[in-house]
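The values are calculated or read from the model by the stated rules, or taken from the named source; none is laboratory data. Given the structure is predicted, the values throughout are model-derived calculations rather than measurements. All Cβ positions, even for glycine, are placed from backbone atoms using ideal geometry, and neighbour counts span all protein chains on display.
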Amino acid sequence: MMKRKHKFGCTGAVVIAVCLAAAAIAVMKLTDIGAFARIKTEISLIVDPIDEANVSSKDDDWQLILINADNPLPDDFSVELTTLANGHKIDSRVYPYLQQMFDDARSQGIMPAISSSYRTRDEQQSELDQKKEEFIHQGYSPAAALEAAKTWAALPGTSEHQAGLAVDITGADASVQSPDIVWNWLKSNAHKYGFIRRYPPDKVGITGINNEPWHFRYVGKAAAEEIYKRGLCLEEYLKIIRRTPSASR
Ligand SMILES: [Zn+2]
């Protein structure tokens, strides 16, 4: 009886081991499929040709400048600004497109308002300091508060607001129209005017900035159309169009 039980125990162990091995293989296969899918996505992004007319030339570089934590603005950066009636400032070359977007939105019953636009280096520093304070009030240590603040406000020199190319847009009157309605309209229409929703929720891992439905960045109409159509973020788009042929590496 004991012997039989023991034997059954052994058989049970073998069955379990076989099951575990099968499960491990299944997991490996799933992982492989995942990896393959990722590779396939990357390749399709690379080989799928971008319309020649949409590829930027040197003349477009000002509007495709990448500004993020790893790519600060050059120290000698300067920009010609246009001051709007509400006191907000924007790159003069962008102004007509912003105005057109607002005019068209309003004609469709949307009530947008600019809540932030061009910021100087000092204003950007204040923005970051303010965010940091908010986290300190929530009980964060100063170091942790700074790290948390950086996911909401960029370090001076690394904000698109400092380039005059970005605007934060909200609703003109939340008691009449929810900002969500404004953001949804912009999400579907901003590309027609050369703007992109710069920090979408599904790209936080790449941009390093939390979902900001209000932050719109001017990149030019051709780039904005491609970015919108393909569901890219600016970092991904620039990687595709600025790929260098391997021979010239
Ligand atoms: Zn912003």
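Points to keep in mind about this one:
- Gln125 falls short on exactly one of the conditions (1) of a type outside the set (D, E, K, R); (2) surrounded by fewer than 19 Cβ atoms within 10 Å (Cβ to Cβ); (3) away from the ligand (no atom under 16 Å from the Cβ), and that condition is (3).
- Of the strands (runs of 3 or more DSSP E) lying entirely inside segment 78-167, the ones with 1 or more residues being modelled with pLDDT of 95 or more and in contact with a Leu (Cβ under 6 Å, 6 or more places away or on another chain) are found at 89-91.
- Lys187 fulfils the conditions (1) within 27 Å of Leu81 (Cα to Cα); (2) assigned to a helix (DSSP H, G or I); (3) within 16 Å of the ligand (Cβ to nearest atom); (4) in contact with a helix residue (DSSP H, G or I) (Cβ under 8 Å, 6 or more places away or on another chain) except for a single criterion, (4).
- Among the residues of segment 200-224, those identified as within 11 Å of the ligand (Cβ to nearest atom) and outside any loop (DSSP other than H, G, I, E, B) are Glu212, Pro213, Trp214, His215, Phe216, Arg217.
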